[in-house]
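Student: Quick one: structure below, then a few questions.
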């Protein structure tokens, strides 16, 4: 069942966070749905601009509607991740997405509000919801670049939400895009979340760049011929603390890529005579499903599927 992120957030707020997972292909899609069904968790499928151009937007959209038929017990949102205005409008009109993210965070505050409000008006007219972003996360995610953190200012967050009408807000609190998030002690600015929650009680917040970049995955990749040095991520034990402060959506992309890389490097290292992509895919799908299920436990969303289903029927 495809639902809006708003419907999921209403159940999660203050208790747990919903996992938002980026996918790019068939194997990730199958593993993602299997992992969420296995852990009985509601979830968000994220399709980025890069994913839409990697194959074709219609291929991804058809996979979402097909997965909805293959996994009738799944409850999930289909979300555009880091869209510009034109991409948001295209997704709003597609009939597949239930949520879009307009990322105009690189613009001055008033310009960000102006762009976001246009997307909000178009989305709300069709029953979709909108995530926006205020502040900048250090790092690179496809065509989103920032050399340094620009932390979200709570007073601007309050003003931005009220002026733009967005349904959720991605805040910059010290997370980063990519596999190289922290140098030295990792510091997330939970004080920013606390102040925003005071100013916007009950309003859903989002953490981007929240992959934990597991050392075991990186070590196994490197042992199989990789050369990833200095990778570090977010301590997943902080997820529930963030959820209590209003974070209802936590984005995870890099970790899934690491699982993909590890499985394929080890497979072809250990079986160099093989060349059938399906052989490696048959290993990746359950490995990715296991990764998703474990992540949902840390988010607190595991086991919440029946509760969400019951609430949606009311």
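Student: If you compute semi-axes √(5λ) of the Cα gyration tensor in Å for the structure shown, which of (1) 30, 26, 19; (2) 29, 23, 19; (3) 32, 23, 18 do you land on?
Tutor: Checked against the structure: label (2).
Student: Let me ask another. Determine, for each peptide in 151-159, 296-304, the mean count of other beta carbons within 10 angstrom over its residues, then list the peptides with the highest first. The partial results should precede the final answer.
Tutor: On the way: 151-159: 17.9, 296-304: 21.2.
Packing proxy ranking, top to bottom: 296-304, 151-159.
Student: I've got another one for you. Zone of residue 237 (label point 7 Å along Cα→Cβ, backbone N under 16 Å): which residues in the range 274-305?
Tutor: The answer is 298-300, whose backbone nitrogens lie closer than 16 Å to the label point.
Student: Given contacts defined as C-alpha pairs under 8 Å and at least six residues apart, what's the relative contact order of the chain, whole-number percent? Mind dumping the intermediate values first?
Tutor: On the way: 623 pairs, mean separation 77.7, N = 314.
Computed value for the chain: 25 percent relative contact order.
Student: Let me ask something else about it. List 285, 250, 70, 113 from most exposed to least, where exposure is judged by having the fewest other Cβ atoms within 10 Å.
Tutor: Details: 285 21, 250 29, 70 12, 113 24.
Listed from fewest to most nearby Cβ atoms, that is 70, 285, 113, 250.
Student: Additional query: Write down the percent of antiparallel bridges among all DSSP beta bridges whose residues are both part of the chain, to the nearest 5.
Tutor: On the way: 4 of 37 bridges.
Here the antiparallel bridges make up roughly 10 percent for the chain.
Student: Summing -39500 (n - 2.57) over the DSSP H runs of n ≥ 4 in the chain and dividing by its residue number, what mean residue ellipticity at 222 nm do you reach, to the nearest 500 deg cm²/dmol? Numbers along the way, then the final one.
Tutor: Details: 13 runs with 151 residues, N = 314.
That calculation yields -15000 deg cm²/dmol at 222 nm.
Student: Mind ordering 24-31, 55-62 by average Cβ neighbours within 10 Å, highest first? It would help to have the intermediate numbers written out before the result.
Tutor: Working: 24-31: 20.1, 55-62: 14.5.
Listed from highest to lowest mean packing, they are 24-31, 55-62.
Student: Can you pull the one-decimal nm distance between simple spin-label points at residue 106 and residue 38, each 7 Å off the Cα toward Cβ?
Tutor: 3.8 nm
Student: May I ask you to order 116-124, 228-236 by the average number of other C-beta atoms within 10 Å around their residues, highest value first? Could you put the intermediate results ahead of the total?
Tutor: Details: 116-124: 20.1, 228-236: 16.8.
My ranking of the peptides, most packed first, is 116-124, 228-236.
Student: Let me ask something additional. Would you mind computing, in nm to one decimal, how far apart the modelled labels at residue 70 and residue 279 are, each placed 7 Å from Cα along Cα→Cβ?
Tutor: 2.3 nm
Student: Roughly how many whole Å is it from the C-alpha centroid of the range 193-264 to that of the range 1-56?
Tutor: Between the Cα centres of the range 193-264 and the range 1-56 lies a distance of 15 Å.
Student: Which value in nm describes the separation of the simple spin-label points at residue 126 and residue 216, placed 7 Å from the Cα toward the beta carbon?
Tutor: Between residue 126 and residue 216, the label points sit 4.2 nm apart.
Student: Here's something else I'd like to know. Any chance you could run the full-extension gain for residue 156 through residue 268? It's 0.36 nm times the residue separation minus the Cα-Cα distance, nm to one decimal. Each step should come with its number before you reach the end.
Tutor: Values: separation 112, 0.36 × 112 = 40.32 nm, distance 5.04 nm.
My answer for the length gained is 35.3 nm.
Student: On to the next question. Calculate, in nm to one decimal, what residue 227 and residue 118 gain on full extension: separation in residues at 0.36 nm each, minus their alpha carbon distance.
Tutor: Working: separation 109, 0.36 × 109 = 39.24 nm, distance 4.38 nm.
Stretched out fully, the residue 227 to residue 118 stretch lengthens by 34.9 nm.
Each value in this text was obtained by applying a stated rule to the coordinates, not by laboratory testing. Since we're looking at a predicted model, the values are computed, not measured. We place every Cβ from the backbone using ideal geometry, glycine too, and count neighbours over all the protein chains shown.
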